[in-house]
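Here's the structure, in structure tokens; my notes come after.
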Amino acid sequence: MEKTRVLILFGGCSSEHEVSLSSAEAVLSQLDVKRFEPVAVGITREGAWLYYQGAWDALTAGGWETSGTPCTLDLSRGSRALLLLDGSGRRLPVDAAFPVLHGKNGEDGSVQGVCELAGLPLVGCGTLASALCMDKSRAHRLVRAAGIRAPKDRVFDRSASRDEIAAEASRLGYPLFVKPLRAGSSFGVSRVERAEQLAEALDRAFAHDPEIVIEEAIEGFEVGCAVIGNDRLTVGEVDEIELADGFFDYTEKYTLKTAKIHCPARIPAEKADEIRQTAQTVYRTLGCRGMARVDLFLTPWQEIVFNEVNTIPGFTAHSRFPNMLRGAGLDFPALLTRLIELGAQP
């Protein structure tokens, strides 16, 4: 059987560049090479595309940036080819694209739009869903319209005065969160306990995006649900994040220094079922396809509150997404195979 050639995109022009390298290393090492032939392309922080043929376990060391061959995707619709820009004129055929990118310029609809323009089948969410899920406030509005509670929030850009933002924060009430409107892995996110901490939190958030959101803090703990599928959905085990202190920031997400992840979550079975149903509603409301991780809160009063959706969740050793789906009977290689199959569906 002829192998499916899968364009694996990694790196990217975002603050989550390093995380993407770890995710891609895991994906490339676990891909079923009897069925798939990976075509690995790294995107540098400056935006250069490089075709990489070296060892997968060397990705995080960064050697691909010096050994890769400059390339670009042929945007002629239906061409389905990677063009090498080394003067050889070589064209490498590809059958589907699997962006293993996180954050801006990769998870926000930009790369998805390029693939859709070229008519290249895409693993994961399309342009619209990717853009919506990256925009925290607009995702909240749509999910609220579907009847699911989301945190109260307010969006500001750099033209807003600090006094105006401070006044709105007081109305919202402390503690609250200050976040870049479009970013991931908790970059630029601060939990603000007192008004005097607000200015520093705003500076941190504005460093990652020209718009920020201030958001009410929800009592309780975070739960997550992995969802894959297009028309028919498969939902993984619900997991639970146990925090010793603070919130689930970048350090905790990728080192689990003090946090613990319980999968399955330590909650009653009927509540886990309700969370799964809520996650599917969110998935469909935001137009997701292929895969997404839906993050929610469970309050002390057992109310489910929407947090956010990750359309390209992590695939690292500490990542929650593959672990949740392992509970649904899909090991890592089987999960990757299923995602590529879903991407190939019209």
Once both label points are put 7 Å beyond Cα along the C-beta direction, the GLU2-ALA328 separation in nm becomes 3.1
Zone reached by a paramagnetic label modelled 7 Å from LEU85 Cα along Cα→Cβ, restricted to the range 10-45 with backbone N below 20 Å, covers 10-14, 39-45
Cα-based Rg then Dmax for the range 56-145, in Å, read 16.0, 53
Quick calc, the range 98-243, dipole around Cα centre from Cβ unit charges on Lys, Arg (+) and Asp, Glu (-), nearest 20 debye, gives 380
If one compares the long axis through the Cα atoms of helix 162-172 with the longest principal axis of the Cα atoms of the chain, the angle in degrees, nearest 10, works out at 70
Computed from every Cα-Cα pair in the chain, P(r) in 20 Å bins starting at 0 and rounded to whole percents is 31, 57, 12, 0
Measuring from the longest principal axis of the C-alpha atoms of the chain, the long axis of helix 332-344 (C-alpha) lies at a number of degrees, nearest 10, equal to 80
Summing -39500 (n - 2.57) over every DSSP H run of at least 4 in the chain, dividing by its residue total and rounding to the nearest 500, the 222 nm mean residue ellipticity is -9000 deg cm²/dmol
So the FRET efficiency between THR60 and ASP273, C-beta based with R0 = 35 Å and rounded to 0.05, is 0.35
If the label point sits 7 Å along Cα→Cβ of ASP157, residues of the range 166-197 with amide N under 17 Å come out as 180-183
For LYS260, counting only lysines whose alpha-carbon sits under 26 Å away and dropping same-chain residues fewer than eight positions off, the answer is LYS136, LYS179, LYS271
Given unit charges at Cβ for Lys, Arg (+) and Asp, Glu (-), the dipole magnitude of the chain about its Cα centre in debye, nearest 20, is 820
Taking Cα atoms, the helix 136-145 axis meets the longest principal axis of the chain at an angle in degrees (rounded to 10) of 70
Note to self: with every protein chain in place and a 1.4 Å probe, the chain gives an accessible area per residue in Å² of 43
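Might you report the magnitude of the Cβ-based charge dipole of the range 69-154 about its Cα centre, with Lys and Arg at +1 and Asp and Glu at -1, to the nearest 20 debye?
For the range 69-154, the charge dipole is close to 500 debye.
The values are calculated or read from the model by the stated rules, or taken from the named source; none is laboratory data. None of the values given here were measured: they were computed from a predicted structure. Cβ sites come from the backbone with ideal geometry, for glycine too, and all protein chains shown count toward neighbours. Side chains are part of the model used for accessible areas, which takes the heavy atoms of the whole protein and leaves out ligands, DNA and RNA. Shrake-Rupley method; radii C 1.70, N 1.55, O 1.52, S 1.80 Å.
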